[in-house]
1. Out of the residues in segment 66-82 that are open to solvent by less than 80 Å² (accessible area, probe 1.4 Å) and in contact (Cβ under 8 Å) with a residue 40 or more places away in the chain, which is farthest from residue 135 (Cα to Cα)?
2. Considering each residue of segment 93-130, count those that are within 16 Å of residue 51 (Cβ to Cβ) and touching a residue at least 24 places away in the same chain (Cβ under 8 Å), and give that number.
3. Out of 95, 104, 142, report the one residue that is within 25 Å of residue 37 (Cα to Cα) and either at pLDDT 95 or above or open to solvent by less than 60 Å² (accessible area, probe 1.4 Å) (or both).
4. Out of contact with any Asp or Glu (no Cβ under 7 Å at 6 or more places or on another chain), hydroxyl-bearing (Ser, Thr, Tyr), assigned to a helix (DSSP H, G or I) and over 14 Å from residue 54 (Cα atoms): which single residue out of 89, 77 fits that description?
5. Consider residue 7 carefully, then state whether it is at pLDDT 95 or above, open to solvent by 40 Å² or more (accessible area, probe 1.4 Å) and part of a helix (DSSP H, G or I).
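The values are calculated or read from the model by the stated rules, or taken from the named source; none is laboratory data. Just so it is clear, the model here is predicted, and its values are computed rather than measured. A quick note on method: Cβ atoms are made from the backbone with ideal geometry, for glycine too, and the neighbour counts reach across all protein chains shown. Calculation scope for accessible area: heavy atoms of the full protein, side chains included, ligands and nucleic acids excluded. Shrake-Rupley method; radii C 1.70, N 1.55, O 1.52, S 1.80 Å.
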Amino acid sequence: MARFAGAVAGIIVLILTVQIAADVLARNHFNKPIPGTLELTANLFMPLIIFLSLAYAEYAGDHIRATIVVARLTGRTAKATELIGRIVTLLVVLALTYYAVIGATYATEIRLEALGAITLPVWPVKILAAVGLALFAVQLLASTAAPSTHTKTRNDHG
């Protein structure tokens, strides 16, 4: 599922790229920008790219890691520190998921919209953000349970 969410995020990046390129061309050559490009970018494309990519980045082992302390540890101490870090991360992501679900529920109830050059419903994006965080939590749990699966050992410089 993490790979699917990552693929969807990649497709959204492509759509965002085409949208912005078309807007720049329309603005510079015809003096007519595409209405709603800012709203689509800020309230639809960017949040979806971020939240749908989290689980895939964990699956692929590509999250940024600050290993300045852990890199100096060895053996059981290193493994214990890594495990504690993963558990703390999981707890934080679960809390974020919980509040994202509450926010998505409220946004859906009031049919939250972004007003600008175009009116854009925001509530579906809030639902997908909560789904993205939930997928991230599931992938963190899987990575913690089986640390050798799809995780890379990385140094301070990536």
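1. Within segment 66-82, the match that is farthest from residue 135 (Cα to Cα) is 71.
2. Of the residues in that region, 14 qualify.
3. Matching residue, one of 95, 104, 142: 104.
4. The conditions single out 77.
5. Criteria not met by residue 7.
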